[in-house]
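**Student:** What follows is a single structure, and I will ask about it in a moment.
What follows draws every value from the coordinates through simple rules; no lab data is involved. Values in this document were obtained by computation on a predicted structure and should not be read as measured data. Glycine gets a Cβ as well: all are built from the backbone with ideal geometry, and neighbour counts include every protein chain shown.
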Amino acid sequence: EDQVTQSPEALRLQEGESSSLNCSYTVSGLRGLFWYRQDPGKGPEFLFTLYSAGEEKEKERLKATLTKKESFLHITAPKPEDSATYLCAVRGFSGTYKYIFGTGTRLKVLA
Amino acid sequence: DGGITQSPKYLFRKEGQNVTLSCEQNLNHDAMYWYRQDPGQGLRLIYYSQIVNDFQKGDIAEGYSVSREKKESFPLTVTSAQKNPTAFYLCASSKGSREYQETQYFGPGTRLLVL
């Protein structure tokens, strides 16, 4: 069964303290891995799509990497405005069109 | 400005009542999706549509219905058969369902509460 596990569930960082969020996945052939940012009471905002192991993408203080079993979202020198829940989702080659979502990592960056 | 709009932002349902959530997109996307988000759970797929006049059930379709009469619109009806409708409902769209077209973009959401 396709599955996504995100860790940690919650993370508190001081401003400027770099860290990484983990997304471990089990899927029958990875078709794509997706990262989103979600602020309270709002819809998820798209960040990155990764397709194959070894691929990396960057946007401002965020960098996403992908291996055959997991993805990391690295946050470099975070600011309080980076506080949000970060969601990971995968899509496999199983013939259906759905994403499998993790439950997210709640990030709080303290000034 | 291209994007996805959902209305209303908040919706209150009385027992036995059907309510309809609106989702409109002007991204010229073919595929549209409805998800339900509950605290502590990942987003769960209710229905999806790859093309106008066609839609398929997701993992939790019971108690919900949809239509796709126009490319831009994918309304979701929460029927009285849905016994636990309180949740945050998210609509999404993607260019298509093929590889490299499938990144989903989300609307702002509708919070449904039961009176």
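**Student:** Once Lys and Arg get +1 and Asp and Glu get -1 on their Cβ, which of A:P44, A:T65, B:F55 lies farthest toward the positive end of the dipole of the protein assembly as shown?
**Tutor:** Result: B:F55.
**Student:** Running Debye on the protein assembly as shown with equal point scatterers at the Cα sites and no solvent, what base-10 log of I(q)/I(0) appears at q = 0.15 Å⁻¹?
**Tutor:** -1.00
**Student:** If you don't mind, another one. At 4 °C and a viscosity of 1.567 mPa s, what translational diffusion coefficient does Stokes-Einstein give for chain A, taking Rh as the Kirkwood radius over Cα pairs? Give it in µm²/s as a whole number. Can you show the working numbers first?
**Tutor:** Values: Rh = 14.0 Å.
In µm²/s, the coefficient is 92.
**Student:** Stokes-Einstein diffusion coefficient for chain B at 37 °C in a medium of 0.692 mPa s, Rh from the Kirkwood formula over Cα pairs: what value in µm²/s? Display every interim value, and only then the final one.
**Tutor:** Working: Rh = 14.1 Å.
Answer, rounded: 233 µm²/s.
**Student:** Would you mind working out the magnitude of the charge dipole of segment B:40-115 relative to its Cα centre, with +1 at each Lys and Arg C-beta and -1 at each Asp and Glu C-beta, to the nearest 20 Debye?
**Tutor:** Approximately 120 debye in magnitude.
**Student:** Right, next: What aspartates and glutamates could a cross-link reach from B:K70, if we take a straight Cα to Cα line under 17 Å and drop same-chain neighbours fewer than 8 places away?
**Tutor:** B:E24, B:D30, B:D54
**Student:** Oh, and also: Could you give the dipole magnitude of chain A about its Cα centre, charging the beta-carbon of Lys and Arg +1 and that of Asp and Glu -1, in debye to the nearest 20?
**Tutor:** Taking the Cα centre of chain A as origin, the dipole is about 160 debye.
**Student:** A further question on this structure: Quick check: from the Cα gyration tensor, does segment A:1-53 come out rounded (a/c under 1.5), prolate or oblate?
**Tutor:** It comes out prolate by the Cα gyration axes.
**Student:** Moving on. About its Cα centre, what dipole magnitude does the protein assembly as shown give when the only charges are +1 on Lys and Arg Cβ and -1 on Asp and Glu Cβ, stated in debye to the nearest 20?
**Tutor:** 320
**Student:** Now for a separate question. Out of B:G58, B:G40, B:G16, any idea which swings most in a Gaussian network model of chain B, alpha carbons joined below 10 Å?
**Tutor:** Fluctuation is largest for B:G40.
**Student:** Choose one answer from B:T20, B:T86, B:T103: the residue with the largest mean-square fluctuation in a GNM of chain B with alpha-carbon springs under 10 Å.
**Tutor:** B:T103
**Student:** If you don't mind, another one. Tell me which chymotrypsin sites (Phe, Trp or Tyr not before Pro) from segment A:72-111 have a DSSP coil assignment and no more than 16 other beta carbons within 10 Å of their own.
**Tutor:** Working: sites: A:F72, A:Y86, A:F93, A:Y97, A:Y99, A:F101; in loops: A:F93, A:Y97, A:Y99.
Loop-located and lightly packed - A:F93.
**Student:** Still on this structure, I have one more. What is the distance in Å between the Cα centroid of segment B:1-75 and that of segment A:8-42?
**Tutor:** Value for the Cα centre distance between the two parts: 25 Å.
**Student:** If you don't mind, there's one more thing I want to ask. Go through A:P78, A:G16, A:L33 and say which Cα lies farthest out towards the positive end of the charge dipole of chain A; charges sit on Cβ, +1 for Lys and Arg, -1 for Asp and Glu.
**Tutor:** After comparing all options, I get A:L33.
**Student:** For chain B, what relative contact order do you get, as a whole percent, if you take Cα pairs closer than 8 Å and at least 6 residues apart?
**Tutor:** Numbers: 293 pairs, mean separation 39.7, N = 115.
So the answer I get is 34 percent.
**Student:** Determine the shielding of peptide B:38-49 by partner chains: average, over its residues, the number of Cβ atoms on other chains within 10 angstrom of each Cβ.
**Tutor:** 4
**Student:** Continuing with the same structure: Lysines near A:K63 by alpha-carbon distance under 26 Å, same-chain residues fewer than 8 away left out - which ones?
**Tutor:** Here the lysines satisfying the reach criterion relative to A:K63 are A:K42, A:K79, A:K98, A:K108, B:K95.
**Student:** Take every residue in peptide A:100-108, count the Cβ atoms of other chains within 10 Å of its Cβ, and give the average of those counts.
**Tutor:** Per residue, the number of nearby Cβ atoms from other chains is 3 on average.
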